[in-house]
Each structure stands twice: as structure tokens, then as C-alpha cells.
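What follows is a set of notes on a single structure, which appears directly below.
The values are calculated or read from the model by the stated rules, or taken from the named source; none is laboratory data. Predicted, not measured: the structure shown is a model, and the values here were computed from it. FYI the Cβ positions are ideal-geometry reconstructions off the backbone, even for glycines, and counts take in every protein chain you see.
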Amino acid sequence: MQHGEVAKRVLKNLGQDNIQAAAHCATRLRLVLKDDKSIDQKALDSDPDIKGTFETDGQYQIIIGPGDVDKVYAELIKMTGLKEATTDDVKKVASQKKKNPIVSLLKVLSDIFIPIIPALVAGGLLMALYNVLTAEHLFMAKSIVEEWSGLKGFADMVNAMSAAPFTFLPILIGISATKRFGGNPYLGAVMGMIMVLPSLVNGYGVAAALEADKMKYWNVFGLKIAQAGYQGQVLPVLGVSYILANLEKFFHRYLKGAVDFTFTPMFSIIITGFLTFTIVGPALRTVGDGLTSGLVWLYNTTGWFGMGIFGLFYSAIVITGLHQMFPPIETQLLANASKTGGSFMFPVVSMANITQGAATAAIFFASKDKKQKVLASSSSISALLGITEPAIFGVNLKLKFPFFCAAIASGIGSALLGLTHVLSLSLGPAWIFGFISIRSQSIVAYMICIVVGFVLSFIFTYLYAKRAFANQPQNTAENTVFNEENTMRKADEIVVAPVSGQTQDISTVNDKVFSTAIIGKGIAIKPNSDQVVAPVTGEVTVSYPTNHAYGIRSNDGAELLIHLGIDTVNLQGKFLTSNVRQGDQVEKGQPLGTFDREKIQNAGYDTTVMVVVTNSKDYADVEPIAKQNVAVGDKLLALAVPLSNAPVATKLKLS
């Protein structure tokens, strides 16, 4: 890579004198721009030395890759005359930029609800399991528990467990929201507990208690304060968490030492609690109930037509990121299912996901291009399992027509869902088996509608694709013909775990650069120890003063990036140590350094460790070796070098 030339092209395509501040981390340039409209995005996207770009939190980030990004940055600084800055400096400058308030709100909601979605999905699927066990006419005339009475106790246990995430929803939101607003998440949990105390009138019965004049009150200095609980509420908890976090920060600022430690939590809780029951809670409960009632009214009024329009535009909403506003709304609908009947959102989301997957599957069958077929096959399966980003961004939007074919089919399928009054009773993965979250009386209708949407999307896309791909060249024989002996081969190199912990699919980490495999394939580890060792024998190619990442080139040619946590570059080396420098030779298993997981986590950072093969394109396959928990030195990734007559899609036979 000609680093000076890359920097020159970056500067040209961003616009001269358009960079306000610049820093870099292990993989990307982090820039604050004066005018985002001056960017020549097409030129940046087509640049062979740039792996991708994206904008987040006021920063425009350009992915260059480890070992090169620091050199490109140095050239960029020379050309612009800017002062070198840390990522923290850039973050401060970016925070001062005027931001779109809607985008900022969506980002806040996303940050709050994404961490608690697993808990809500777990409760939702347990509800779905209870639904399956107790629904009549689902598999037979009677329900499963009526046929096998021994399962009744188990069904009751499942029902009790499924209610927990929704009954104590304010606690979950209190933890996540208070942390997002900069407060102590455990104080957020306390406020959530206060809002669902058993001694209060249950949140689901507040309206009835008021109507029957059975509400209990506290008499405080002549004020009558209703003892109303907030089970199933979303907006009141968000408001309360914001107030709590800011009160805590206020007291931390003015109280010092032992006084701060002793009294800040108490003052924060008592003031927030008083405001919760007198002003904030009742006001935001009214707003939340009004929003829920409005959505139910809209569904009841527009019916199938409204659901059809929602289905038509849902995938477009995903592209804009506006779908991040739906979890709190859907949670409110489900928490009040006795009044709302359930949620119309989940069935539509499932329809949109499946039609995008069907369109991508059609591209697999219609295309003659081997690379396109490989990408379409994997991303279509991903979409059918509820993850649509690879299908939408990797295939359908690039070709354009599959995206629109899927959207039209989703609109038709969603209208059918509305005509048959299909609603969900719980959250769950919006995928081909999403029927487990649907009301039992609507499961058959749901499955029929899903099949109709899938078939329409597939046919629309396939017919259009056959015409669009009519002149697409066939793959040459050397790229498509291979024998059975070459399809299964032993791994050429094994990468071992640099840390111990629980492995997870790298596509699930909360960083686009890693989750989308822009810089290479790999795996993530939730660490349970603080030591980092070399995963291969080779040379240290990247070592940062911030100690948050290491680059190693193995003696067999693998180029690896070990990245400790997400955005930990902002810590400027705090809580991280390193034993090696660039150019050092290391042996597999040799300690590289340490990171204090507890302190990093307390500082608000995700400690997930990413292990990425940055030259993945040089391998026929980079395959995680299936193992849920790994110890330092356990086999982690298997790498296979392509044979001259073997396709890139070659599968590994792990030794």
C-alpha cells in the first residue's frame, strides 16, 4: 500500500480543508468533518485500499486496516497540517457538532434496549412455549397439557418464568438506561425495584383502581401521592433514569470524599423517587398509555391496509436505522396485551425479513457469478433466521431490484396478516419459525401468509433476475469444477485462543468494523481472565501505545489482529499493559500483556476480545472451531490455503 497516495485520495474525496479533527485506532481513521455533504462517497467506496466507511456519533470513520492505518494517518496529518489528536479528543470535538435530534434519540434508544433484548427474547420465547403447551386445536382438539396432565406443572413453571422480564421490566430498563445516561446502573436497578414494589398497586391495575376509587395514597405535607406501580411501563422508567443519572452526576460534582460516597446515592434516590411518584411517573404513564392506545387505534382503523404499508416500507426503515425506535413501542404493546390483543409489529417484521431472504435466495438460483452465488447463499439463510443486514446490504441493495421485489412482496404479505388479524403475544426471533410467538388461533394464518410472502418475493426476483442476468458470463471451468477429494481438506494453520472465556459469533459484537467482517473473518471471546497470549508463533507487526490491540504475522502467513474490548483506545492505555513491541518475535502461548476487565467494564466499555484474520481473502476458509468455552491455548480458528483447482468456498476438515 502506498500510504501517501491513499492519504492524498482520502483528502481529495473528503474535500480540501474539510477535516476538523483526526485520530486513528487499530483499524480506522476517525475524523470529524466540517461538511458531510462534501464527501465523494462513490470514490471512497471504489478505492481498493479502503475497506469501508461509516458515520457514527459525529465521527466519519474510514477503515484502512491494522499496520497501515497509522501510516496513512501520519501522511494525512502532514498534508493537512492538523495537530495529532487522540480518539478522546476527536470524540469531544464530535460531541460539539450539531446533531440531528431524531438520529440522536434513535441512538439513545438503541443503546438502552439492545443490551436487554436477550432478556426480553428469553421471556418472549418462554411465553411462546407456554402458548404451545396450553393452546387448544394447535396439534389436536385438546391442548398438550390436557392430553398429558404431567406437563401441567411444567407449563405453570414456564409461565411464571416467562412473566419475570416483563413484570420487572422497569428494573432491566433502569439498569441499562441509567448506565447510558452516565449514572450508576445499580442505582438504576434500585429505582426500577422501587417502581414495582409489591406494596404498590400493580401497574396493570392502576386504571381500574382509580376508576373504582380504590387507589392507595401517601399523605406528604398535604399532598396526596398515589401508590401506583409501573409494571410493564417503558417511558416513565426512561424519564426517571435520566433524572437519576443527572442528579447523581450533580452530587458527585459538589460533594467530595466520604460525604460523596455516603450521601450521593441516598440523595439521588430520595429526590428521584419523590419526583417519580408525584410528577414524572404519572405524566409519562399518560404519554405511554396514549401512545399505545394510538397505535391500537391506528391498527383497528387502518387494519390490513396499514399493516401492508408498514410491511412495504419496513426494510427501508431498517436502512435508515429508524427501526431502533420500535423495541420500546412493541414492549409496551406486549406488556399490555390484555388490552391491545398483542403486537402487530412482530408479524410484519418477520414478513419483511423472510421476503428479503427469499429475494436473496432467488439471486442464488438466477445468478451465474460464483462469488455472487456464495454471498447470496449465506446471506439468504441469515435473513431467514432473522438477521437481514448481510442480505440487504451485501446483495439486494447492490442489485437494487431484489430489494424492491422483496419490499412489494412484504407489503402484500403484511396486508394478508392484517386481513387475518395475526398478532404476536411475545418477542422472539423474527424468522421462519416465528410462529411460536404468535397467538395460537392465528398460527396457521401466519404460516400461510409467510409462505405467500416468500413465494411472491422469490418469483418476482427470479423472473426479473433471469432477464437482468441474461448476458452475465458463465464461470470458467477452473473456478467451478472440483472433485470430492479437494472439497474436504485438513486445516493448513490453527490459531489458538489468546484469552480464556466464552466464544461468540463475531457478527454479534457491537462494532460494525468487526461484526460485518470488513477487515476480515474471525471470532469474538467474552473473556474471563486478564492475560493475553500470542495465538500463533510469529512477529508482532502492530503494537500501540494504548495497548488495546496487537497485530501478529504468523510464520505460516496469517495476519492476525487481537483487539481488546470495543472503543478501549479511548482509555489511552489505562488498565492495559503490554510486554511486547513492534518487531518482536513471539512464540505461541507467550504472554503479550494484560487488561483489567473489571476496571475497563466499570469505565463503561465492552470487554469483548476480537480475534480477526485480516488477510482472510488469502484463505479458502477461516472457520471457527466449535467450542463454547475456551481456555488460553485451545484451538480457536482453522485456516485453509486455497488450492489452484479448489473454489474459495472450500470447506475445512478440522484435524
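Computed values, structure above
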item: Residue list for the stretch 624-639, filter: crowded, with 16+ Cβ neighbours inside 10 Å and over 15 Å from residue 524 (Cβ atoms); result: 632, 635, 638, 639
item: Residue list for the stretch 419-441, restricted to those being touching a helix residue (DSSP H, G or I) at 6+ places or on another chain (Cβ under 6 Å), within 26 Å of residue 123 (Cβ to Cβ) and part of a helix (DSSP H, G or I); result: 434, 435, 436, 437, 440
item: Criterion (at pLDDT 90 or above, touching a Gly at 6+ places or on another chain (Cβ under 7 Å) and over 18 Å from residue 182 (Cα atoms)) met by exactly one of 308, 281, 303; result: 308
item: Yes/no for residue 333 being within 28 Å of residue 239 (Cα to Cα) and at pLDDT below 90; result: yes
item: Output for the stretch 133-144, where each listed residue is crowded, with 19+ Cβ neighbours inside 10 Å and assigned to a helix (DSSP H, G or I); result: 133, 134
item: Enumerated helices (runs of 4 or more DSSP H) restricted to the stretch 177-260, each holding at least 1 residues that are touching a Ser or Thr at 6+ places or on another chain (Cβ under 9 Å) and either more than 18 Å from residue 113 (Cα to Cα) or at pLDDT below 95 (or both); result: 185-195, 235-254
item: Residue check for residue 215: closer than 27 Å to residue 245 by Cα and not basic (Lys, Arg); result: no
item: Those residues of the stretch 1-58 which are of a type in the set (Val, Ile, Thr), assigned to a loop (DSSP other than H, G, I, E, B) and surrounded by 18 or more Cβ atoms within 10 Å (Cβ to Cβ), in sequence order; result: 27, 50
item: Members of the stretch 135-183 found to be of a type in the set (Phe, Trp, Tyr) and more than 24 Å from the chain's Cα centre (by Cα), listed by number; result: 139, 148, 154
item: Test for residue 227: is it of a type in the set (S, T, N, Q), in the same structural domain as residue 170 (by TED's automatic domain parsing) and under 30 Å from residue 604 (Cβ atoms); result: no
item: Test: residue in the stretch 485-502 that is touching a Gly at 6+ places or on another chain (Cβ under 8 Å), modelled with pLDDT of 90 or more and part of a strand (DSSP E or B); result: yes
item: Unique match (being crowded, with 17+ Cβ neighbours inside 10 Å and among the charged types (D, E, K, R)) among 249, 179, 214; result: 179
item: In the stretch 153-176, the residues that are farther than 26 Å from residue 247 by Cβ, of a type in the set (Gly, Ala, Ser) and crowded, with 20+ Cβ neighbours inside 10 Å; result: 162
item: Matching residues in the stretch 64-89 - criterion: being crowded, with 23+ Cβ neighbours inside 10 Å and in a loop (DSSP other than H, G, I, E, B); result: 64, 65, 66
item: In the stretch 552-568, the residues that are surrounded by fewer than 24 Cβ atoms within 10 Å (Cβ to Cβ) and touching a residue at least 24 places away in the same chain (Cβ under 8 Å); result: 554, 556, 557, 559, 566, 567
item: Any chance residue 444 is in a helix (DSSP H, G or I), at pLDDT below 90 and under 33 Å from the mean Cα position of the chain (by Cα); result: yes
item: Lone unmet requirement of (1) out of contact with any strand residue (DSSP E or B) (no Cβ under 8 Å at 6 or more places or on another chain); (2) outside the structural domain of residue 176 (by TED's automatic domain parsing); (3) modelled with pLDDT under 80 for residue 93; result: (1)
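This table checks each residue for (1) more than 20 Å from residue 615 (Cβ to Cβ); (2) charged (D, E, K, R).
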residue	(1), (2)
33	yes, no
41	yes, no
55	yes, yes
58	yes, no
63	no, no
